[in-house]
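Undergrad: Here it is, the structure in full.
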Number of protein chains: 2
Amino acid sequence: MKTAKIRLYVEHPLGQGQTIPLSRDQAHYLFGVMRQGVGDAVLLFNGRDGEWRAEVAEAGKRSGTLVCEAQTTPQRDPPDLWLLFAPIKKARTDFIVEKAAEMGAARIVPVQTDFTNSERIRQDRLQAHAVEAAEQCGGTFVPEVTGLQKLDTLLTNWPEERQLMFCDEALAGAGATLRAAGGERWAILIGPEGGFSETERTRLSALPFAHPVSLGPRILRADTAAVAALTVWQQALGDWA
Amino acid sequence: MKTAKIRLYVEHPLGQGQTIPLSRDQAHYLFGVMRQGVGDAVLLFNGRDGEWRAEVAEAGKRSGTLVCEAQTTPQRDPPDLWLLFAPIKKARTDFIVEKAAEMGAARIVPVQTDFTNSERIRQDRLQAHAVEAAEQCGGTFVPEVTGLQKLDTLLTNWPEERQLMFCDEALAGAGATLRAAGGERWAILIGPEGGFSETERTRLSALPFAHPVSLGPRILRADTAAVAALTVWQQALGDWA
């Protein structure tokens, strides 16, 4: 039995003996770029059915078929954690999405704050980054990247029973703050490069579901803050414990 | 008094009334790019004397002078923590150095492991990244980036009383492991993209000063692992507590 080294995300249902048609891009990647052929093994996941070992049954230039052989990992969903962040420069925004997927966020929400510069995001491109990160990190789940949302509106329509950790000025004991708050549905909010506005800060501090935490004495860039905040949360309440 | 928004790292000693000559590059940046002129204020730090407010006394195209007026922040050194990592692709290596500086590492050591691909690093360029990160994160300390060292040699000549946290397969309770080990001098070792070799893993596990910790159930890329490991350490033993 050949060892499968390539992991691919597909949308098709996965199960014993299931046939998986490949898209043109996937066929090009598998057979053109990665030089796989009939009989070679690939690992598949679709975000719902765990990870499966599949074999190439047909390999064409623009199409192909895989057949599912055996489940290699059961489906494992991350904790119910959202990451809200204000989009920054393109490369760093890509990075935040990639890191959020690796660190086990369930949903990624770009938000527009008072000091956010970016007015638009490419949702499809960010979603593709999340898929690629899931392919590489061995996960069986792909977080959804939502469209850009106004922080103001988001807070007004905040879902019941979801806690919000927001990263702001220095405060003691992030882990203890989170554990004291408890709860199973959370969101992390990372401020924009220019910081929150006075209005936003006042509003956030008054919200019963919002918990400010410190990320140390140095100023972190938004992309560093995203990874650090996810680490703090995963250690205190998530699946790293 | 004008507000200083620009932070510059200089090598010159800083103190009340001290005159600071600018290098050609610094003069070009301050006066050419940032459009500063005589009387404008700049924040300076040199990694030893804290942060100082200085005023532009002379502004030329290729030279200039600043005069130190008042200390704005005392010198604050990070905990005695080294970050050892196997260099990866250029952009991600740059990122690790930037993040290590932001997250408060005292020394950054690129290491060559059995599975490290990169044979060379540009030490001067990485050091410049650490300086730039320190300028942006509001820190008064710049971590030293050393030359590429062989992991094998480094472990053989390991400094007395320095603990080593290495990030490997899943193990429970990273924070508890670190707090139990205690000590004030630490190093974090991030493995290469291909993982440690069997020889390295066996050797690391047998070292009395080495403590394996888990970074969760997903596989993290080396650059994510660096930020996550620094977060775990800073929370357990560092200046985030």
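Undergrad: Considering only the range B:124-152, how many residues are in a helix (DSSP H, G or I) and farther than 16 Å from B:Lys99 by Cα?
TA: Pass one, the range B:124-152, residues in a helix (DSSP H, G or I): B:124-137, B:151-152.
Next cut, farther than 16 Å from B:Lys99 by Cα only: B:124, B:151-152.
Number satisfying all stated conditions: 3.
Undergrad: Something else now. Going through B:Leu30, B:Leu44 one at a time, which residue ends up being of a type outside the set (Lys, Arg), within 19 Å of B:Val142 (Cα to Cα) and either in contact with a Cys (Cβ under 6 Å, 6 or more places away or on another chain) or buried (at least 17 other Cβ atoms within 10 Å of the Cβ) (or both)? If you could, list the steps in order and put the result at the bottom.
TA: Numbers: B:Leu30 fails: within 19 Å of B:Val142 (Cα to Cα).
That would be B:Leu44, the only listed residue that is of a type outside the set (Lys, Arg), within 19 Å of B:Val142 (Cα to Cα) and either in contact with a Cys (Cβ under 6 Å, 6 or more places away or on another chain) or buried (at least 17 other Cβ atoms within 10 Å of the Cβ) (or both).
Undergrad: Okay, moving on. Among the listed residues A:Ala236, A:Ala241, A:Ala181, A:Ala176, which satisfies the condition of being within 14 Å of another protein chain (Cβ to nearest Cβ), of a type in the set (A, V, I, L, M, F, W, C), more than 23 Å from B:Glu98 (Cα to Cα) and over 22 Å from the mean Cα position of the chain (by Cα)?
TA: Values: A:Ala236 fails: over 22 Å from the mean Cα position of the chain (by Cα); A:Ala241 fails: over 22 Å from the mean Cα position of the chain (by Cα); A:Ala181 fails: within 14 Å of another protein chain (Cβ to nearest Cβ).
Of A:Ala236, A:Ala241, A:Ala181, A:Ala176, the one residue that is within 14 Å of another protein chain (Cβ to nearest Cβ), of a type in the set (A, V, I, L, M, F, W, C), more than 23 Å from B:Glu98 (Cα to Cα) and over 22 Å from the mean Cα position of the chain (by Cα) is A:Ala176.
Undergrad: Could you check how many residues of the range B:107-145 are crowded, with 18+ Cβ neighbours inside 10 Å, within 15 Å of B:Leu81 (Cβ to Cβ) and free of Cβ contacts under 8 Å to residues at least 60 places away in the same chain?
TA: Looking only at that region, the number is 3.
Undergrad: Of A:Pro143, A:Pro159, which residue is within 14 Å of another protein chain (Cβ to nearest Cβ) and not hydroxyl-bearing (Ser, Thr, Tyr)? Outline the logic, then answer.
TA: Values: A:Pro159 fails: within 14 Å of another protein chain (Cβ to nearest Cβ).
After ruling out the rest, the residue left standing is A:Pro143.
Undergrad: I've got another one for you. Show the residue pairs that are 6+ apart or on different chains and have beta-carbon atoms under 6 Å apart, the first residue being within the range A:175-191 and hydrophobic (A, V, I, L, M, F, W, C), the second being crowded, with 18+ Cβ neighbours inside 10 Å and in a loop (DSSP other than H, G, I, E, B).
TA: From residues that are hydrophobic (A, V, I, L, M, F, W, C), the pairs are A:Leu178/A:Leu237.
Undergrad: Just to be sure I understand, how many residues within the range A:49-63 are closer than 15 Å to A:Glu11 by Cβ and either exposed (fewer than 15 other Cβ atoms within 10 Å of the Cβ) or in contact with an Asp or Glu (Cβ under 9 Å, 6 or more places away or on another chain) (or both)?
TA: Final tally of qualifying residues: 2.
Undergrad: Also, quick follow-up: If the requirement is being within 19 Å of A:Gly139 (Cβ to Cβ) and of a type outside the set (Gly, Ala, Ser), which of these qualifies: A:Arg7, A:Arg24?
TA: On the way: A:Arg24 fails: within 19 Å of A:Gly139 (Cβ to Cβ).
Within the list A:Arg7, A:Arg24, the selection yields A:Arg7.
Undergrad: Does A:Asp168 satisfy the condition of being touching a Lys or Arg at 6+ places or on another chain (Cβ under 9 Å), more than 10 Å from every other protein chain (Cβ to nearest Cβ) and under 26 Å from B:Thr73 (Cα atoms)? Please lay out each step first, then the result.
TA: Working: touching a Lys or Arg at 6+ places or on another chain (Cβ under 9 Å): yes; more than 10 Å from every other protein chain (Cβ to nearest Cβ): yes; under 26 Å from B:Thr73 (Cα atoms): yes.
Yes, satisfied.
Undergrad: Checking the condition of a type in the set (Gly, Ala, Ser) and under 21 Å from B:Val109 (Cα atoms), which residue from B:Ala187, B:Ala241 passes?
TA: Working: B:Ala241 fails: under 21 Å from B:Val109 (Cα atoms).
Going through B:Ala187, B:Ala241 in turn, the sole match is B:Ala187.
Undergrad: Test each condition in (1) surrounded by 16 or more Cβ atoms within 10 Å (Cβ to Cβ); (2) within 14 Å of chain B (Cβ to nearest Cβ); (3) out of contact with any Lys or Arg (no Cβ under 9 Å at 6 or more places or on another chain) for A:Lys89 and report the one that comes out false.
TA: (1)
Undergrad: If I ask for residues that are more than 15 Å from A:Tyr9 (Cα to Cα), of a type in the set (A, V, I, L, M) and under 14 Å from the mean Cα position of the chain (by Cα), which ones from the range A:127-157 would you list?
TA: First, pick out the residues of the range A:127-157 that are more than 15 Å from A:Tyr9 (Cα to Cα): A:145-157.
Okay, now just the ones that are also of a type in the set (A, V, I, L, M), so A:145, A:148, A:151, A:154-155.
Across the range A:127-157, the qualifying residue is only A:Val145.
Undergrad: Within the range A:137-150, can one find any residue that is touching a Ser or Thr at 6+ places or on another chain (Cβ under 7 Å), at pLDDT 90 or above and among the hydroxyl-bearing types (Ser, Thr, Tyr)?
TA: Just the residues of the range A:137-150 that are touching a Ser or Thr at 6+ places or on another chain (Cβ under 7 Å), to begin with: A:140.
Checking which are at pLDDT 90 or above leaves us with A:140.
Those left that are additionally among the hydroxyl-bearing types (Ser, Thr, Tyr): A:140.
Taking every residue of the range A:137-150 in turn, at least one turns out to be touching a Ser or Thr at 6+ places or on another chain (Cβ under 7 Å), at pLDDT 90 or above and among the hydroxyl-bearing types (Ser, Thr, Tyr).
Undergrad: Another question, then. Among the residues of the range A:164-200, count how many are among the hydrophobic types (A, V, I, L, M, F, W, C) and surrounded by 19 or more Cβ atoms within 10 Å (Cβ to Cβ). I'd like the intermediate steps shown before the answer.
TA: Filtering the range A:164-200 for residues among the hydrophobic types (A, V, I, L, M, F, W, C) gives A:164-167, A:170-172, A:174, A:176, A:178, A:180-181, A:186-190, A:196.
Next, only the ones that are surrounded by 19 or more Cβ atoms within 10 Å (Cβ to Cβ) stay: A:164-167, A:174, A:178, A:186-190, A:196.
Qualifying residue count for the region: 12.
Undergrad: Could you tell me whether any residue of the range A:201-220 is under 17 Å from the mean Cα position of the chain (by Cα), free of Cβ contacts under 8 Å to residues at least 24 places away in the same chain, within 10 Å of chain B (Cβ to nearest Cβ) and surrounded by 21 or more Cβ atoms within 10 Å (Cβ to Cβ)? Show your work before the answer.
TA: Start the filter on the range A:201-220 by keeping residues that are under 17 Å from the mean Cα position of the chain (by Cα), which leaves none.
Among the residues of the range A:201-220, not one is under 17 Å from the mean Cα position of the chain (by Cα), free of Cβ contacts under 8 Å to residues at least 24 places away in the same chain, within 10 Å of chain B (Cβ to nearest Cβ) and surrounded by 21 or more Cβ atoms within 10 Å (Cβ to Cβ), which makes the answer no.
Undergrad: Ok, one more. If you scan the range A:88-117, which residues turn out to be part of a loop (DSSP other than H, G, I, E, B) and either among the basic types (Lys, Arg) or at pLDDT 90 or above (or both)?
TA: Filtering the range A:88-117 down to residues part of a loop (DSSP other than H, G, I, E, B) leaves A:88-89, A:103-106, A:113-117.
Hits for the range A:88-117 are A:Lys89, A:Met103, A:Gly104, A:Ala105, A:Ala106.
The values are calculated or read from the model by the stated rules, or taken from the named source; none is laboratory data. What you see is a predicted model, and the numbers here were worked out from it, not measured in a lab. As a convention, Cβ positions derive from the backbone with ideal geometry for all residues, glycine included, and neighbour counts pool all protein chains shown.
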